[in-house]
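What follows is a set of notes on a single structure, which appears directly below.
The values are calculated or read from the model by the stated rules, or taken from the named source; none is laboratory data. As the structure is a prediction and not an experimental result, all values here were calculated from the model. Cβ coordinates were reconstructed from backbone atoms using ideal geometry, including for glycine residues, and neighbour counts include every protein chain displayed.
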Amino acid sequence: MAIVGYARVSSVGQSLDVQLDKLNQFGCEKIFKEKSSGTTAQRPEFKNCIDYVRDGDLLVITKLDRLARSTLHLHSTLSKLNEKGVDFKVLDQSIDTTTKEGRLMFSFLAGIAEFETELRKERQNEGIQKALANGVKFGAKPKLNERQIKQLVDDKKAGLTISELMNKYNIGKTTVYRLIAQHGKNYG
C-alpha cells in the first residue's frame with residue numbers, strides 16, 4: 001500500500017509549500033503537484049496521479065477544492081478511485097472515504113464547494129456589470145488616440161503600405177486593417 005499525495009494551486013504566483021508540508025507530515029511517499037486552475041480539465045499531474053494509484057493505495061489531499069472542478073467531477077474521480085480500490089483522505093476536512101461517515105461528509109462538502117464556486121462567479125459577474133455601468137473599460141488601452149487614427153487613415157489614403165503603417169504606428173497588421181475598416185469611412 002502506497003500513500004500518494006496530490007497538491008495543486010491555481011496560479012503560478014501561489015505556493016505549494018503549505019500543502020506539501022502537510023502531505024509530507026502525513027507520510028506521503030509520492031506527491032504529484034501542479035500549478036493549474038481547478039476549473040480546467042488540462043491537469044497533467046492530476047491525470048498522472050489517478051493513473052499511478054493502485055489497489056490498496058491511499059490518495060491524500062489537503063482540501064477538497066484542490067481535487068476537482070465540480071461536484072460531478074469530484075464524484076466521478078471518487079468513482080474512479082473506488083473502481084481501482086484506492087482509498088481517499090482529505091486532511092483539512094477530516095474526510096476519509098474508507099468509512100460510511102467519510103463518504104457522507106465527502107458528498108456534503110462537495111455540494112457546498114460547488115455552491116461557493118457558483119456564488120463567487122455570481123458576485124464576480126455582478127461586480128463586472130456594476131463596473132461597466134460606471135463606465136469602467138476592460139481590456140488593454142487603445143494604442144492610438146482619435147487624432148492618430150485619423151492620421152493613419154489619411155496615410156493609407158496617401159498610399160502608405162500596411163507594413164509602413166505598422167512600423168510608423170507601432171501596431172500589428174490586424175490592428176491596422178481593423179482601424180481602417182472601422183474609421184476609413186469616418187475620415188473620408
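Could you list all residues from the range 58-88 that are touching a residue at least 60 places away in the same chain (Cβ under 8 Å) and either under 16 Å from PHE26 (Cα atoms) or among the basic types (Lys, Arg) (or both)? Once the filter is applied, which keeps residues that are touching a residue at least 60 places away in the same chain (Cβ under 8 Å) and either under 16 Å from PHE26 (Cα atoms) or among the basic types (Lys, Arg) (or both), the range 58-88 yields only ARG66. Restricting the range 82-112 to residues that are surrounded by 11 or more Cβ atoms within 10 Å (Cβ to Cβ) and of a type in the set (Asp, Glu), the residue that is nearest to VAL18 (Cα to Cα) is ASP92.
Do we find a residue being among the hydrophobic types (A, V, I, L, M, F, W, C), farther than 18 Å from ARG8 by Cα and out of contact with any helix residue (DSSP H, G or I) (no Cβ under 6 Å at 6 or more places or on another chain) anywhere in the range 37-60?
Filtering the range 37-60 for residues among the hydrophobic types (A, V, I, L, M, F, W, C) gives 41, 46, 49-50, 53, 58-60.
Of the ones still in play, those that are also farther than 18 Å from ARG8 by Cα are none.
No.
What about LEU59, is it surrounded by 14 or more Cβ atoms within 10 Å (Cβ to Cβ), assigned by TED's automatic domain parsing to the domain that holds SER107 and not in a loop (DSSP other than H, G, I, E, B)? Yes.
Could you check the range 37-94 and list, in sequence order, the residues that are modelled with pLDDT of 80 or more, under 22 Å from the mean Cα position of the chain (by Cα), polar (S, T, N, Q) and farther than 20 Å from ALA2 by Cα? Within the range 37-94, just SER76 meets the criteria.
Scanning the range 1-15 for residues that are more than 14 Å from PHE88 (Cα to Cα) and surrounded by fewer than 16 Cβ atoms within 10 Å (Cβ to Cβ) yields SER10, SER11, VAL12, GLY13, GLN14, SER15.
Against the condition buried (at least 16 other Cβ atoms within 10 Å of the Cβ), of a type in the set (Phe, Trp, Tyr) and at negative phi, how does PHE115 come out, does it pass? Break it down into steps so the answer makes sense when it comes.
Values: buried (at least 16 other Cβ atoms within 10 Å of the Cβ): no; of a type in the set (Phe, Trp, Tyr): yes; at negative phi: yes.
No; evaluated as a whole, the condition is false for this residue.
Among the helices (runs of 4 or more DSSP H) confined to the range 94-188, the ones with at least 2 residues that are within 30 Å of HIS75 (Cα to Cα) and out of contact with any Asp or Glu (no Cβ under 9 Å at 6 or more places or on another chain) are located at 100-133.
Quick check on ASN134: is it of a type in the set (S, T, N, Q) and modelled with pLDDT of 90 or more? The answer is yes for ASN134.
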